[in-house]
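Accompanying notes for the structure given below.
The values are calculated or read from the model by the stated rules, or taken from the named source; none is laboratory data. What you see is a predicted model, and the numbers here were worked out from it, not measured in a lab. Note that we place each Cβ from the backbone using ideal geometry, even for glycine, and neighbour counts take in every protein chain shown.
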Amino acid sequence: MEFFDANVSIGTPPLPVYDPASTAKDILDEMDGLGIKKAVLRHTAQYHVSPVYGNLLLNKEIADQQRLWGCWAILPPHTGEVIKNNFFARMKENRIAGLLAFPERNRFLLNRITFGSFLDELTERKIPLFLTIGEGGLNFASLYELLDDFPALTCILCNIGIWGVDRFTWPLLEKFPRFYLESSLLSLEEGGVEATIKRFGAERIVFGTGFPERYMEAPILQLLHAEIPEADKKKIASENLEHIFEAANYL
């Protein structure tokens, strides 16, 4: 089974974690031992230093790496720091497949007032926005408001937490057809993957490891042993994320 990892960080974080991968080559070495064919990367500097600097570091790391794509961290378009002319063309040139946002960390509101026309275009282009609950991202109340404003936005929620998170995520899965869950923490809740698939289908989950905060092996093992059909495992492992990126328009 081939895996396409939607949630991997490279770079050295300021606080020690399990054996981080400093470079793209390091992460490819990790992937090769586990059957992870492709990955979407973020850089720790996007969060711990600045989106502008971190995006530049990420561009350099993934250039000419055919198995790796990146996510740029965004800031409000009004300041012209990240979102500039020919933004989407530059995404394509730099192998950027999606976007990140850390509104609490970077002191902005991820809403229609701040990002209206930009998120309208992102929605139309079906380019995924990767979001995180907590960790400088946003809270569930803000996420609910964002999706209420942009109901067709392609959104992948990462690092979702466990213990009753379905009470937050299932209403979103039910109401917003392009809302997806990343699997690295969902897989740690006993029966979480199976229950979500039974209710909403395997198409709403994408595989992710959360490396280096979590071991890559854990979500792989959980998916391989999940009590779901083999076809559903393949969808989660790589096919769902492939389809999301195939639908996106970067031109």
- Tally time: how many residues in segment 127-154 are small (Gly, Ala, Ser), surrounded by fewer than 22 Cβ atoms within 10 Å (Cβ to Cβ) and either under 19 Å from Ile113 (Cβ atoms) or at pLDDT 95 or above (or both)? 3
- Residues satisfying the stated conditions in segment 139-171, i.e. within 17 Å of Ala195 (Cα to Cα) and not polar (S, T, N, Q): Ile160, Gly161, Ile162, Trp163, Gly164, Val165, Asp166, Arg167, Phe168, Trp170, Pro171
- Item | Any helices (runs of 4 or more DSSP H) falling wholly within segment 145-249 and containing at least 1 residues that are closer than 16 Å to Phe130 by Cα and either touching a Lys or Arg at 6+ places or on another chain (Cβ under 9 Å) or of a type in the set (A, V, I, L, M) (or both) | 166-175, 183-186, 240-247
- Residue satisfying all of: in segment 13-23; under 25 Å from Leu223 (Cα atoms) and of a type in the set (A, V, I, L, M); surrounded by the fewest Cβ atoms within 10 Å (Cβ to Cβ) among these: Val17
- Message: Quick check on my filter: what residues within segment 58-82 are hydrophobic (A, V, I, L, M, F, W, C) and surrounded by 17 or more Cβ atoms within 10 Å (Cβ to Cβ)?
- Response: Leu58, Ile62, Leu68, Trp69, Cys71, Trp72, Ala73, Ile74, Leu75, Val82
- What are the residues in segment 189-207 that are surrounded by 14 or more Cβ atoms within 10 Å (Cβ to Cβ), of a type outside the set (A, V, I, L, M, F, W, C) and in contact with a helix residue (DSSP H, G or I) (Cβ under 8 Å, 6 or more places away or on another chain), if any? Gly192, Thr196, Glu203, Arg204
